[in-house]
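Comments concern the structure below.
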Amino acid sequence: MKPYYLINIIIIVLLFTYQYGRALDEAVGQSASNDSVTTSYESVFEQLMNLEIDPQQVAAVNNFLFQRDVGKFHLKEGELYFCKPIENRHYAAIFTGKGTFSFKPPTEIEQDQLNRFYETRKMEKDFNLLFIVFADSTYDQFRKQLTFEEGKISRKTKQQLDYCLKYLGKEKEKHFEYAILKTLLEQKYNKLFYAHFSKYKIQPMFFRINPFSEEEVQFMRRLKGPSYLYRPEVINQFHLQEEYQDSTYLTGEDKTSLHITDYKIDCALKGYKLDFSATTEIEFKSLTENQNWLTFWLFGELKVDSVFWDHGEKATFIKGNENPALWVKADHPLREGEQRKLTLHYHGDLLDRRKDWFFIRSSKGWYPQHGQRQRARFDITYHIPEEFQFASIGEKIFSKTEDGVITSRWKIDKPVRNISFNIGFFKEFKIESDSLPPITIYMAETGHLEIAHSLARLGVGSGKNMEKQVGEDVLNSIRFFRRKFGEPSADQFYATEIPYTHGEAFPGLIHLPWITFHRTTEGGYDATFRAHEVAHQWWGIGV
């Protein structure tokens, strides 16, 4: 080989290595140099997705019984295989042969629910396949009570394992079932137990104990639909037996692993399509001891560009395509009560513009969250083109227009559960009263013109001065609820139109569907619907 050929090869290899490294850096943020967490998301995920049966750990089974909470498994005859270890520990096994699963829900309401689906208050099902994932004492129990030795693994059994995994993980999205993945990343023992069992391949049932759920025990079946869909449908969900015995199920458990206390968000909507980007700083407290990986939820189609710790170092993170789960690797195992900050930079297609209609594809998934019921304070700055009208939850601190961009800042000092906004070409209708907070109605007038023409051809007319009709119902609803239940929490109130058929409420802001702005139906349905959304200002999500 001539020297210059060798030099060219070396240059190509170096360039490839550099480009590959850059691509990897973009997908996975680089962690701080003093990172002391050794568990790798990529390693654990790949081992789960490519789980293999261990030919050295095969046991012949005859009349073997075991129980997890109320779920009873009777392995009558067959073979039990352990799967190969993940991170040097056994987490899974598969059984083929004849077996039976049985359980009776512990509460009357859950027995009624089971009866709705299967006309029985106690379930008993035969199976010829059982796949289990566990982080409890299952491995030790099986090793103690069964004899394992080297054995053969049939091609069919391997295919059965691959099929079971389809219900847990998706390669493209870098997604795996949360409780299993969280358990393996933390490398801790807990009560995790997951069972997939079936007599007919595409009609599996599932029994799960999820230690991260308030109601830990679930019985599920495959959601009916095309065979390529791998989604479970919950039939029963209830607490562990021990919690009913000692009444801890009444205490309102918090199973979240961290609590976000404060948000500082700076976001921009740019151009004709209102392209979205944001920088969000979150302050949070760890609620468990020695956390290795933190989980946040963000709209699946938003792409995270980078994440930084409070000391300015890059954090390692994982967020797959169209996957709402954002995993951030701790720079050291976080102690219980430890308070930290993270700054996240992200962007994506949050809004979809269709002429003069603007579809917010996720009304509250545009900032990272952890847990659905946590409350936090917010400080939000928006940058939007000046030709649009805009409303947000919170108190507007200031607003200025410069170079065609409106910059406004909104604050929420009293912790709230979630926030949102609305943007579009709105006709504004203001309602002022000495005794009530200012009310603003935003109606998408130009969008309605197009709809009105289309519906008119079908003989469906539209209402007159709909912003005033909606405003009257909103005003009367606020007066009624205020008289009955006291002052609302917000100092101003926006009722805004969205191009959907549902409504949604936030403190001081409600989204109303386009159809209730198109006409008011007879019989009081629209008036009741508008009042329902207003009622959320007093009753939260309990309406």
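The values are calculated or read from the model by the stated rules, or taken from the named source; none is laboratory data. None of the values given here were measured: they were computed from a predicted structure. When we count neighbours, we look across all protein chains shown, and the Cβ atoms used for this are built from the backbone with ideal geometry, even at glycine.
Here are a few things to note about the model shown:
- Test: residue in the range 92-102 that is in a loop (DSSP other than H, G, I, E, B) and either within 32 Å of the chain's Cα centre (by Cα) or in the same structural domain as Glu242 (by TED's automatic domain parsing) (or both): no
- Restricting the range 31-54 to residues that are at pLDDT 85 or above and among the small types (Gly, Ala, Ser), the residue that is farthest from Gly312 (Cα to Cα): Ser43
- In the range 120-134, the residues that are surrounded by 12 or more Cβ atoms within 10 Å (Cβ to Cβ) and free of Cβ contacts under 8 Å to residues at least 60 places away in the same chain: Arg121, Lys122, Glu124
- Across the range 499-543, the qualifying residues are those that are over 19 Å from Arg479 (Cβ atoms) and free of Cβ contacts under 8 Å to residues at least 12 places away in the same chain, and the one among them that is surrounded by the most Cβ atoms within 10 Å (Cβ to Cβ) is Thr521.
- Sole exception among (1) within 29 Å of Leu334 (Cα to Cα); (2) assigned to a strand (DSSP E or B); (3) of a type outside the set (Asp, Glu) for Leu269, by number: (1)
- Of all the listed residues (Ile412, Ile397), the sole one being without any contact (Cβ under 8 Å) to a residue 60 or more places away in the chain, outside the structural domain of Phe517 (by TED's automatic domain parsing) and more than 26 Å from Val328 (Cα to Cα) is Ile397.
- Scanning the range 244-273 for residues that are in contact with a Phe, Trp or Tyr (Cβ under 7 Å, 6 or more places away or on another chain) and buried (at least 19 other Cβ atoms within 10 Å of the Cβ), we see that the one that is farthest from Gln374 (Cα to Cα) is Leu269.
- Top-ranked residue of the range 487-503 - restricted to ones that are in a loop (DSSP other than H, G, I, E, B) and out of contact with any helix residue (DSSP H, G or I) (no Cβ under 8 Å at 6 or more places or on another chain), ranked as nearest to Ile431 (Cα to Cα): Gln492
- Gly300 vs. criteria outside the structural domain of Tyr189 (by TED's automatic domain parsing), out of contact with any strand residue (DSSP E or B) (no Cβ under 7 Å at 6 or more places or on another chain) and over 30 Å from Met443 (Cβ atoms): yes
- Listing of strands (runs of 3 or more DSSP E) fully contained in the range 363-457 that carry 2 or more residues being in contact with a His (Cβ under 9 Å, 6 or more places away or on another chain): 405-416
- Exactly one residue out of Thr183, Thr279, Thr261, Thr256 is assigned to a loop (DSSP other than H, G, I, E, B), closer than 30 Å to Glu338 by Cα and in contact (Cβ under 8 Å) with a residue 24 or more places away in the chain, and it is Thr256.
- Being hydrophobic (A, V, I, L, M, F, W, C) and more than 24 Å from Gln187 (Cα to Cα) is a property that Leu51 lacks.
- Residues (touching a Leu at 6+ places or on another chain (Cβ under 7 Å) and of a type outside the set (Gly, Ala, Ser)) located in the range 499-543: Arg530, Glu533
- The selection criterion, being under 20 Å from Tyr194 (Cα atoms), assigned by TED's automatic domain parsing to the domain that holds Pro204, surrounded by 14 or more Cβ atoms within 10 Å (Cβ to Cβ) and of a type in the set (Asp, Glu), holds for Glu87.
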